[in-house]
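The values are calculated or read from the model by the stated rules, or taken from the named source; none is laboratory data. Not measured: the values here are computed from a predicted model. Please note that ligands, DNA and RNA were not included when accessible areas were found on the heavy atoms of the full protein model with its side chains. Shrake-Rupley method; radii C 1.70, N 1.55, O 1.52, S 1.80 Å.
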Amino acid sequence: QGDLLVLEKNLLGFNLTPHPFSSLLQKLNKSGTHRLGDLTTQEEGEKVKIAGIIGGIRKVFTKRGNNEMAFVTLKDGIDKVDLVVFPKVFEKYKDLLLEDKLVVVIGVVDCRDEKISLLTEKIEEVSAEENFTLELPAALAKETLKKISGLLQTNKGEDKLRIIFKRENEVVKEIELSYGVDYSLEVRKKIKE
């Protein structure tokens, strides 16, 4: 599969065969706050959580202290962004920095000369099974709850969802949904609204 992708890319300049990660990546986009292509200069200074595949890795040593750090390309088949991994973070997550590895990255958006990069704070490995938790205030209006319920029922899928009702940080009730949902970025945004 990998060789086929390389061959196609060399012949055509692009791939016809879906990348083996693409379906997993769609799943992954649910575990982030943004997609790679969503990042603009407007998000500067914002903390984001983003999923992708590690492309190139360039390791360097800092002038001060001679500590190892890295510049990493994170891609999703369409877009890519540069990750700046400073020494402390590099030391902690260097075992996850492998080419073609699927990861979720938490970091702060940084813009220089209109070029967007991510100052990396955390790198997470991805597990195939997706379990999500939705926290809601216990005093939520019935109408709002009905709307959320309707939204979840019209977006059924593979993801497991547990709903936790809280009152002043105390868990009042927990519900495990009896059906699977497609807990996508869009669905999460709609619930937030």
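Quick notes
- Residues whose amide H falls under 5 Å from that of Glu121, counting only those 5 or more places apart or on a different chain, are Ile106, Gly107, Val108, with hydrogens built in the peptide plane.
- Here the 3J(HN,Hα) profile of the range 57-72, calculated from phi with Karplus coefficients 6.51, -1.76 and 1.60 at θ = phi - 60°, is 10, 10, 8, 9, 10, 5, 5, 8, x, 6, 9, 7, 9, 8, 10, 10 Hz, Gly and Pro shown as x.
- The convex hull drawn around the Cα atoms of the range 113-193, when projected onto a plane and averaged over every direction, covers 8.1 nm².
- Cα gyration tensor shape of the range 35-110, rounded if a/c is under 1.5, else prolate or oblate by comparing a/b with b/c: oblate
- With all protein chains in place and a 1.4 Å probe, the accessible surface of the range 59-193 carries 48 percent carbon and sulfur.
- The alpha carbon centroids of the range 92-106 and the range 68-87 are separated by 10 Å.
- For the range 134-181, the relative contact order comes to 42 percent (Cα pairs under 8 Å, sequence separation of at least 6).
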